[in-house]
Every structure is written in C-alpha cells, then in structure tokens.
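The values are calculated or read from the model by the stated rules, or taken from the named source; none is laboratory data. Worth saying up front: this structure is predicted, and the values here are computed from it rather than measured. Here the Cβ is made from the backbone with ideal geometry for all residues, glycine too, and neighbour counts use every protein chain on show. Note: accessible area is taken over every heavy atom of the protein model, side chains too, but ligands, DNA and RNA are not part of it. Shrake-Rupley method; radii C 1.70, N 1.55, O 1.52, S 1.80 Å.
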Amino acid sequence: MGLSLRTIRSGTSLVCSSILLASTLAIGEPTAFADGPFLFGPPQIITMPTPHSPTMVATGDLDGDGDFDVVVPGRNVEGFAYLMLNEGGVLGAPVELVTGGQTDWVEIVDLDGDGQLDLCFAVRSLRGRLSILRGNGDGTFLDFEEISLGREPRSVVVDDLDGDGDPDIAAMNHRLPIIEILLNDGAGSFVRAPQVVVGRSTVGIPFPQGIRSVDLDADGDRDLVVVATGASRIFICRNQGDATFEASEGWRPSRVNGQIGGMTNLSVGDLDLDGDDDLVVPLILIGESSHVGIFENRGSVSTVEFNRDLAFPSTNLGYAYASAMGDLDGDADLDVVIGHALPGPVMVLDNRTVPIAAGGDGVIRLEPPQQIANDSFFRGLAVADLDGDCDLDVLAVELISNSLWILPNLTPQANGCGDGFVGRVVLPPTTRETPARSKIEVDRLVDLDGDGVVGGSDLALLLAGMRGDQADAVQPVRRPEGAAPR
C-alpha cells in the first residue's frame, strides 16, 4: 500500500524538514500492528507571520465543519494569537486573533451555552486577566472581553467545578500562589468564588505554572492539580462538590539519582488502564538525562494517593519541557509525547503496560524514547486527528523558530485506523538548518525560587520565562555564595 498523506499548506512560510528518528525505518514484510517503531511523515512547518514566541497549541472545531482547527497563543508583544482553520485536512494561513496581551494558554469551550465554541485566553502580564473571545460558529469571533485576575496568569482550566452543568473557570497566577475561581451563571457571565491557596507551607516561592482538572478521588467532582515550578511539587486541591476546595496537598516527583526534577507542565490520563487518571510530568534535571515522571493514581476512594516511584528517561539531548498523551498506535492505551528545550527533540514513548483487567500486572511500562522531530525549543504539544484518517497526529509549537509543526502519524494502527502504510519511509533532505544550541551553563544559575539551593526548579523557571527572541541572550547570573546544587 502506498503512502497517503495530505500536505498541509498555508499562505505563510511552509518548510519541510527531515524527521530525525532513532534508527532507519523500513518495513518490507508484514508487521504486527502496534509492535514496532512509531512512523511519522515529514513534518509540515508553518511559520507565524509576526514574531510570536508560541507557547502552546490547542485544537477544536471552531467553524462547525467537523474537523479540528488550531489556535496558537504566544508572547506576541502586539497582543495577537493565531487561528488556522482546517479545511478537509488543509490548514489555512494563520489569522490574527486580538487578545489584548501576551498569552500563555487557551481553552476552547462553549462558555455561554449557545452551541458555539469560545476561546478563553490567560493573558500573561503583571495586571493579569482572562481574555474571552465568543465564537460565532463560523471561525470568527466577537471582540475580546476581559476579566481581571492577579499577577501573571500562565494557565487556566475550564470545567464544571460546582456541579451545575455549565463550565466554570480556574485560573492560576504565577507570581501569587493562588487559584482564582470564577463560577458560570449559566449564560457565560462569571461571579467570583473563594480563592484557593497553593503551596502555603513550602520553602521558597511556589511559582504556579500549570493547572488541570480531574476527579482524582473518584467522588464525582472535579479536583484541581497545579504544577508549582518553584516548589518542585504538584499540588492537589480536592473539590468539596461546590467549587470550594480543601487545603492543597503537595507531592514531589520521583527522585532521579537523588535529584528532584524541575516541572513546567502536566498531562492527565489513565496510563495503566485501571479506570482512574494518572499524571505525567516532564522532569528537568541537572547533569542527568531528562525524564518523564509519573504520579500513578492508586485509585483510593475519597482520598488521593500516588505511587511516585516511576520515572523514565526521555532524552539526554535537552531539557524536558512539554508533555502530551494519546493513543498513537491504536492499541487502546495512552502513549507519551515529550518536547524538549535547548536543544529540542520531540520524543515519543510507547506504552507497553499490560492492565490487570487483561491479565497483566498493571505496572506502568514505557518503551525507550523515539525521536520524531528536532529543533531548538518545543514549548507546547497536542495530539489530534488533523487529516481525518482516524489516527492521532502530533502538533508542536517551536518557541525560537516561531513555528507550528504538524507531524502526520503513519504508524500502523492496531484498531485498523490510519493510512495503514507499509513500505519504506523516504525522508527528504533537511531544507533548513537547525540552530546549534548548547545547554545552559548551569553553574551560573541563580536561586530563582528563593529556597536556598540551586537545582532543576530554577532551570525550569528560567526556561518558562523565555520568549523566542531571548533564548540566545540567556545569561544566568552566578549561583549565590553557599547555595549548593540540588
């Protein structure tokens, strides 16, 4: 069977680059589905029309035609995000969305119950705010509306927190260790509920960086999970059913050779297929290969308990920064995708866990990482079926080259989806040079989180604060006297 792949084009720059794989990929004989390396076609690279410093990527059907459109927030000084409408597997040219400020995050959701998807951006500034663009259902939006927040919100989650059937908002502030709760009145207007404090008892500054909602304790309501980069912890805020929350509980990730990794990002999904959601975090380490850290949910009712003794190498080529999960080979389990910084490979780890329900031991096992792309700093990831062939493609935003990468999935699928490609993957020559970048001089790092030591959390904070035009000029100051590396 030949290669069937739709090329995604735009009116802006489109460049094909070679895929850097762990080994040469050739399948000449029939191959067992979901039992070989992942296969991805040559990436389509769409460069943003203005300096954008893209921070994440989100997908949703914004024009009602049945396929996934793409939104890319960024630290654009003019206050733009970009929308690319999908027309049958072809992404259109990036269209400016005026948001009123630099944005680190967007949620795509119907906020006002009119059946049309809206956009909720976290505007990153010291005068923090949400920027809401209400959708018309055809890929156009009304002018943005603002809701004030605290200092520098970098992430937001939209979910039904009070159990009344409409989506509420939880927004965290990077410079203040609080989560602001905004309850939906049913028509898309919001009233403030009591704030939630995270990391009150930690040493140093927590610096919350990311937030997700998930029912961790199986009581039917949505709890909050916050990545606090400065504290090197995730914080669990258990919902009492009415959008009020118990005091936050901090959890550190697994140590790697005695070192606590810095965390910037979080993915949620049932890795071991036991019916509850687990947590995946990239671990930024100094002097060690980057790792994927797992918080395995023990499935306790009315409490939260994790097995944290799981960490898998992701690469020794850079610092693990962004994570995503999705079933990339159609075998009904979630595989893990990790984007890295300085340099920036994208690595995929095949999930080989055999669940207890299928006669296995349920122990989470991830195959060694496979490289599917490489550049400088992949800051955000998503998985979605962009080309309509019913397998999941990988989307990645590259901070320094100001671009969106689409990695089309050609992996034979255990469920019969996809292109079903069997043959030889012929990779094109590289058509652009990947900038050579060396790792940050970690002996010059400063104690950014104020906890008296220098470690992965400080490096994570440095990376999380970068814009694309700053990466070449990063000059961390020297470690304070007496501050030992962690």
What shape does region 138-191 take by its C-alpha gyration tensor, where a ≥ b ≥ c are the square roots of the eigenvalues and a/c under 1.5 counts as rounded, a/b above b/c as prolate, and the rest as oblate? oblate
Binned at 10 Å starting from 0, the alpha-carbon pair-distance distribution of region 365-408 in whole percents comes out as 26, 46, 27, 1
Just read off the accessible area of Arg352 with the full protein assembly in place, 1.4 Å probe, to the nearest 10 Å². 80
Just by accessible area at a 1.4 angstrom probe, what is the order of Asp272, Asp61 from largest to smallest? Asp61, Asp272
Taking the full set of protein chains and a 1.4 angstrom probe, give the accessible area of Val109 in square angstrom, rounded to the nearest 10. 30
Ser148-Glu305 pseudo-label distance in nm [points 7 Å out on the Cα-to-Cβ vector]: 4.6
Using a Förster distance of 41 Å, how high is the FRET efficiency between Glu249 and Val363, based on the Cβ-Cβ distance and rounded to 0.05? 0.95
Table column - 3J(HN,Hα) (Hz), region 140-150, Karplus curve with 6.51, -1.76, 1.60, x for Gly and Pro: 10, 9, 6, 4, 5, 10, 10, 10, 6, 10, x
How large is the Kirkwood hydrodynamic radius of region 171-215, in angstrom, based on all distinct alpha carbon pairs? 11.9
Find how many whole Å separate the alpha carbon centroid of region 219-241 from the alpha carbon centroid of region 128-204. 15
With bins 5 Å wide starting at 0, give me the P(r) of region 281-348 over every alpha carbon pair, in whole percents. 4, 17, 22, 19, 17, 12, 6, 2, 0
Just to check I understand the Karplus step: with θ = phi - 60° and J = 6.51 cos²θ - 1.76 cosθ + 1.60, what whole-Hz values come out for region 333-339, glycine and proline as x? 10, 8, 8, 10, 10, 10, x
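When ligands, DNA and RNA are left out and all protein chains stay put, how many square angstrom of accessible area per residue does region 334-402 have with a 1.4 Å probe?
Working: 1710 Å² over 69 residues.
About 25 Å² of surface per residue is accessible.
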Cβ-derived FRET efficiency at R0 30 Å, Leu126 paired with Phe190, nearest 0.05: 0.85
If I ignore ligands, DNA and RNA and count only protein heavy atoms, how much of Val454 is accessible to a 1.4 Å probe, in Å² to the nearest 10? 0
Quote the relative contact order of region 60-137 in percent (integer), defining contacts as alpha-carbon pairs under 8 Å separated by 6+ residues. 24
